[in-house]
Each structure stands twice: as C-alpha cells, then as structure tokens.
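Working notes, beginning with the structure itself.
The values are calculated or read from the model by the stated rules, or taken from the named source; none is laboratory data. Because the structure is predicted, anything quoted here is derived from the model rather than measured. Neighbour counts run over all protein chains shown; Cβ positions are idealised from the backbone, glycine included.
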Amino acid sequence: MTASKRPIAARHKGFNRADIVDTNFTEFVRQWHGKVRQRSSEDAPVSEDSALDVAGFRELFESQLISRHLDLMARVLRVKNKVFYTIGSSGHEGNAMVARATRHTDPAFLHYRSGGFMAERFRKLPGTDGKPRDPVMDSALSFAASSEDPASGGRHKVWGSKPLWVLPQTSTIASHLPKAFGTAVAIGQARRIGHTLPIPDDSIALCSFGDASSNHATAQSAFNAAAWSAYQGLPAPVLFICEDNGIGISVKTPRDWVAANFSQRSNLDYFYADGLDLAGGYADVQRAVEHCRRTRRPTFLHLRTTRLMGHAGTDFEIEWRSIEELVELEASDPLLRSADIALSAGLYSQDELLALYEATRQRCFEAAEAADTRPKLVSLEEVIKPLAPYTPEAVKAEAERADYADERERVFGGADKLPERQPPRHLAIQINQALHDVMAKYPESLLFGEDVAQKGGVYTVTRGLNKAFKGARVFNTLLDETTILGLAQGYANMGMLPIPEIQYLAYFHNACDQIRGEAASLQFFSNDQYRNPLVMRVASLGYQKGFGGHFHNDNSITALRDIPGLIVGCPSRGDDAASMLRTLMALAKVDGRVCAFLEPIALYMTKDLYEAGDGAWQFDYPAPGTAMPPGEGRIYGEGDDLVILTFGNGVPMGLRAARRIEAEHSWKVRVVDLRWLVPLNEAFVVEQVRSAQRVIVLDEGRRSAGVGEGIITAMAEGGFGATPLRRVVGADTFTPLAGAALTVLPGEDDVVRAAGELA
C-alpha cells in the first residue's frame, strides 16, 4: 500500500496521529481488493517460500494486534489519568518474531517498545488452567500503576515477568546491554565452576534496544566486551537485537548507519531481518537465534522497524515533521502488511479481520478499566518494601556460619596456616585472608577485575587467590569498569555470588549507572522477584602521600551514598574488614543486596599507629563464627569531653590527634569509627553524641559532598544540634599531585586546631 492510497484524513495536519494510524488499519481492510489464494492448512507456509506456517502467523498477528491496541488504549486513557505511560511499541510489533523463535527460559532484557515480544512470549508458558497466560491484563495493571501489577508491583511501567524470564528494565539508554552480555557469559561460566544454572545450559541471553541507543558508550562497551570474548573463544551467547526505526526521539539515524557500523564487525556476527513483514522476516530471525544458540557467539540481529505515533504521548511529531514524512512512515505500518498477508492467505474475511481488530480493542479497554479499579501503592512503606530487604537473624546466621572447615584448611594449606593462628597483620593481608575465607565458604563466588589474577591486584590484595581457586573463579577482565559491573550482574542473575573489583574509586564513576540505574534498582522494579546480589570491592580514598593525583586519591563518596538500596562499608583495620566482608556476603546471599566495600588504600600497608615500629595498627584475624552486624560502629576510649566521629583514614588520624588533644586540654576523648556509611546508623550517631560536651566530625570527603552532612543532620534531628561542633573536612577540589595533596585533605593538625577552637 502506498501513501497516495491513504484516506484524505491521513494527510490532514490537524488530526491526532494515533487516530490516523487506527483509522488507516480499518480503512485498509475495508478497501482491500487483493487476490485471495486458496486457504492453506494450519501447518502450511503462510505465503510462498515463507518459513512461517499459518498457525504461527495467526498467533504472531494476534500478538501484534494486542500490542497495538495497548498503545491506542494508553493514549486514550492517559488523559483520564487511568494510564500513566504512553511510550508505545507501534511499528515495532515485529519483535514478536524474536519471542516466537526463542524460549521463555532465554533471559530477556528488553527496551520499552517490546509489547509484541511480551504478548508472544506469554504463549510459551500456559497458565494454571492449561491455557496461555493473559498478557493484556498483566500489561493493563502495569499501565495503571496498580500494586497488583505482576512485574513491578506498580512501581514503574516495565516489561517484566518472573516465570517468563523477562528481567525488568527502567527507561534505560543502553545501560542494560552490559548485564545482558554478563548473563550470557555466566551461562557458560557455570559449567566451568560446577554451578547449576536456573535455566537450561544451552540458553541464550536476549537484549533489545533502538538504533539511536546503539551509539551510546554503554552499548559500545557491551559490543566490545562481547567481541573481546569471542576473539578469545570464550562463549558469550548474547543476541543483541537492534530495532532500527531510523530515529531517536527527534534525532534521525543516518541512512544505513546501523548496517554500515555493525555488518562488518569482527567477532560480532551480523544478521538482518525485516521486522515489518512477518512472512518474509521470520526465517532471518530464526537463523540469527539458531546461530547464537549453536555457536555460543555474540550475535547482532538488525531488525527493521518503524516508529508510529511519535516517541510518546507527549511527542507531537506534526509540530516538527512534515505531513508528507509522517504519511510515508504510516504507510510502512507492519500491521498493514500483516493484514495483507492474512487476507491474501484467506485466513480471515475482511469482516472477520475487522471483528478481530475491534474485539482486541475491546479486550484491552476492558482490562484497562478493570485495572483502574485495582489497588494502588498508597504508602511509603509499600513503595520501598522491595528496595532494601533485610532479615537480620538470617543474615547473622549466614555470616556466622562456619561449616566449611575442610575447605578452609585446603585453601590455606593446613590447619597450622589458618589466618586466626597467625600473628596480628595489617589491612591488606587480612582482606586477602578474608577473601580466601569467603571464597572457600561460597563455591558459587567469583572474584574478577583488572589485574586481580596472577598479579594479585595493584596493591597485592588478591595475591594467591588465582592459584587457590583457579582461573574459572578468579580472573582478569578487560579494562572497562562498565563491563566488570555488567558481568557482576550477569553472574548474579544466574545464581552466583560475584565479587567485582574496581581498581580505584575514581574509576567507579565511569560505570556508576551500572550500580545506580541497574543493579540497585532491580529488586525495586521487579517487586523483589529478581535479585542481583554482589559485593563490589573498591580501592578508595586519599592520603597516598601525593601519589597519582586525583584518580588515585578520590574521596568522592557521595555518588555512592545517593544510590537507594546500596550498602556501603568502609573498614579502617584488618579484623574489621574480615568481619564486614562476611556480613556483606551474607547480605548478598540471603537478601540479594548490592554492596560496596571501600578499602582505604593508604591503610592497606599501615602497621603502626603512634610511632614507627609500634605495630599498633595490626590485629588478630577473627575466626569463623563471628561477624559484624550492619551499622555497628567501633568506639575507642570513654571520654565525653570530646567525641570525634569519623571513618576510614580518619580513624588512626583521629586517634593520634586525640592523644595530642588529651595532653593539651586535659580532656578525655572518644573516637568513633562509623564503619558503615550507607545506610548511616543515625541512632548510633545520636547515642554517641548524647553525653558529648563537644563534637568533631572528621570527614575526608569534600566539604559540599561527604559523609559529614549525614552525621550532622542525624545529630540535629536527634536533638543535639546545639552541641558545640566543628567539621574537619576535605576541600571542594580535586586532589593534586605530590605534597600539595595534603593541602586539600584534612590532617591531624586540623583536628587538633578544631579542638582548640571548641575549647
């Protein structure tokens, strides 16, 4: 059908384009005068040379209709505040072919134009009555933000389903690609470590996105990592599905750009399929899926689509696109092509097809009206319930579990070499011992990052782990933090316990959204149906005596403190580090939590506290069976004349300053190590300042963005805002090189000076 055959209304500037798309379909069917072939049997090809049989086409077409009418319903009911999402799938309904060609146990990470895919995948898993599950009501509940929405519990309009292995995504711009790649790698990794997968061993990971998103740095990271894996012969069965509609909101993709950019990429196997034509495109979709499953190689499926009715309900394309261009786009509507195939094959008469179209419309509207009456989230408690689950007794029991004595002895080389039987050691050594310990405890755990294997890390903290647990469990990655955290999420999706290492805190900012937008949000947006537990280790903070400048002395903790649901711990000494790691692993294992463990680089090798050779900053290793509850701080001293609240590097600094302050002012000083920075234990802070005559908050973070604001707010809200207070804090600047670094970070003299001001 050409644009010139369109009804006059289609070329009228004043009409609502959703109404035009709707009217076009009914008028196309009414005016259809094509030749009807002899009606074929259900198992015959739907058209000459098609790989799709009649029965399959019929179901795909119905999935397309469901997707389309969900879009049209959303546009109508949005203005009545019965629907709260209008980014539709119109023009992308051909992605239903991908759902048909794959299995419901192939993990799927979908972008927002996936209505056709979801409608078709629902056929893969019958309901309890033996009939296909109903995608319409599930979708309507999601559109209506009902708390009964089976995907997110009303927290967001997301495509997701636990039984269908569709992991919910928010409105991402390619940030889901790295974890899709990570999931594909994890499928192959499971066999190498003897881990039982929750899905069949020959599963593949699916990931859909738009042509505009394919240019995003995060997407390029995933493509590169996939090709890097394939180049080395490592299985990475991920099917990247680029749904190319030629535009990103209003920015057009250059003609043939996707094909030019991806068709010749080494180690990323390219396939093209016409997503506007079910009969013609299905064989190509099948080929891509079968290739990915058979070869276990990363595969790029370039699926031709179009975009109808604008980016969303608020996008009035007629204001910035010509009417001729819109009419041409609407002429490429895949439902018109499907209607032509259906009528030509004699599957429906014109009246029957229009009746099916209207019945689907009615079904969607009835579901939406019903969904509007269903319960909504009405309280803060309901909203945040899945965000940060915490079961204290279960976590405590898991953290203290010590039923792996034989494996410990094997890993450490005998009973006499167990770390608790060694002399007191410093932070780096005891983190290393703790990592050996938790990896012996959890056979499903993996430790990976840049340089962590044979070299043992930049600071030798992971030395020996590669030898103890072999390369399948301790391994180097390519130099890309986005990939590292994407891998972590993929392993977690497949039931493993990842321990990714980010080499420096400054490097985390390159990949922050993998934690903020993806890992930490999954439990929230899936209503706690999906979890991706991980413990991210980060070499952190300052005081490296000027070495490396900002990128190796990063005190920017606020980026982590602002991530909902994240747990952040920061030890200052080795025994605390071991106890905290046990708890973090238990939090991940039991409650699916996403955790960050900040390791102060400047304290890695610190052995002394007050003077050279005193060995006062080395401690005994805590034997298994002990662990530190989240939020528990450590208190040094019993004085109330001055309380110093701090963490990390501030702890030994505060203790040295306290000795000088006590000598100068005859005060008794108490130093409090918070240890847990997110969530901040506000009750503990209030308890520590309750009897204090004076308070110093020692925070090496920046003045405008540290931990101190949270501490002081807790004091004020706890009724202690009038307590004499000084904040010793880092300056609002990046850290320079050499001795100049100490001009921007708080020092011992600054603490003593602040005490003098309080005196």
Single residue of region 43-66 satisfying the filter (surrounded by 21 or more Cβ atoms within 10 Å (Cβ to Cβ), in a loop (DSSP other than H, G, I, E, B) and of a type in the set (A, V, I, L, M, F, W, C)) that is nearest to the chain's Cα centre (by Cα): Leu52
Quick one: is Arg113 surrounded by 22 or more Cβ atoms within 10 Å (Cβ to Cβ), of a type in the set (D, E, K, R) and without any contact (Cβ under 8 Å) to a residue 60 or more places away in the chain? no
Considering each of Leu336, Leu303 in turn, give the residue that is at pLDDT 95 or above and touching a Cys at 6+ places or on another chain (Cβ under 7 Å). Leu303
Those strands (runs of 3 or more DSSP E) lying entirely in region 547-640 with at least 2 residues under 30 Å from Ala519 (Cβ atoms) and not small (Gly, Ala, Ser): 567-569, 594-600
Pairs with Cβ under 7 Å, 6+ apart, first in region 24-43 and farther than 11 Å from Ser344 by Cβ and assigned by TED's automatic domain parsing to the domain that holds Glu330, second of a type in the set (Ser, Thr, Tyr) and surrounded by 11 or more Cβ atoms within 10 Å (Cβ to Cβ): none
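For region 326-417, give me every one of the helices (runs of 4 or more DSSP H) that falls completely inside it and has 1 or more residues that are on the phi < 0 side of the Ramachandran plot and crowded, with 16+ Cβ neighbours inside 10 Å.
Counting at least 1 such residues, we get 334-344, 350-372, 392-400, 405-412.
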Exactly one of Thr483, Thr460 is over 29 Å from Ala217 (Cα atoms) and among the polar types (S, T, N, Q), and that residue is Thr460
Condition first: modelled with pLDDT of 95 or more and more than 16 Å from the chain's Cα centre (by Cα). Can you find one or more residues in region 169-182 that meet it? no
Just to check your reading of the model, which residue among Asp277, Asp211 is modelled with pLDDT under 95, among the acidic types (Asp, Glu) and either within 28 Å of Pro334 (Cβ to Cβ) or out of contact with any Leu (no Cβ under 6 Å at 6 or more places or on another chain) (or both)? Asp211
Which of the residues that make up region 159-171 are in contact with a Ser or Thr (Cβ under 8 Å, 6 or more places away or on another chain) and surrounded by fewer than 23 Cβ atoms within 10 Å (Cβ to Cβ)? Lys162, Thr170
In a strand (DSSP E or B), assigned by TED's automatic domain parsing to the domain that holds His111 and surrounded by fewer than 20 Cβ atoms within 10 Å (Cβ to Cβ) - does that describe any residue in region 249-266? yes
Starting from region 564-589, keep only residues that are assigned by TED's automatic domain parsing to the domain that holds Tyr491, then list their pairs with residues that are among the charged types (D, E, K, R) and in a helix (DSSP H, G or I) whose Cβ atoms are within a distance under 6 Å, requiring at least 6 positions of separation or different chains. Ala586/Glu398; Lys589/Glu398
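Per-residue answers, yes or no, for (1) part of a helix (DSSP H, G or I); (2) among the basic types (Lys, Arg); (3) surrounded by 20 or more Cβ atoms within 10 Å (Cβ to Cβ); (4) not assigned by TED's automatic domain parsing to the domain that holds Ala236:
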position: Ile429; (1), (2), (3), (4): yes, no, yes, yes
position: Leu446; (1), (2), (3), (4): no, no, yes, yes
position: Gln454; (1), (2), (3), (4): no, no, no, yes
position: Lys467; (1), (2), (3), (4): yes, yes, no, yes
position: Ala472; (1), (2), (3), (4): no, no, no, yes
position: Gln489; (1), (2), (3), (4): yes, no, yes, yes
position: Ala492; (1), (2), (3), (4): yes, no, yes, yes
position: His509; (1), (2), (3), (4): yes, no, no, yes
Filter region 546-562 down to residues that are surrounded by fewer than 21 Cβ atoms within 10 Å (Cβ to Cβ) and hydrophobic (A, V, I, L, M, F, W, C) and give me whichever is farthest from Tyr459 (Cα to Cα). Ala559
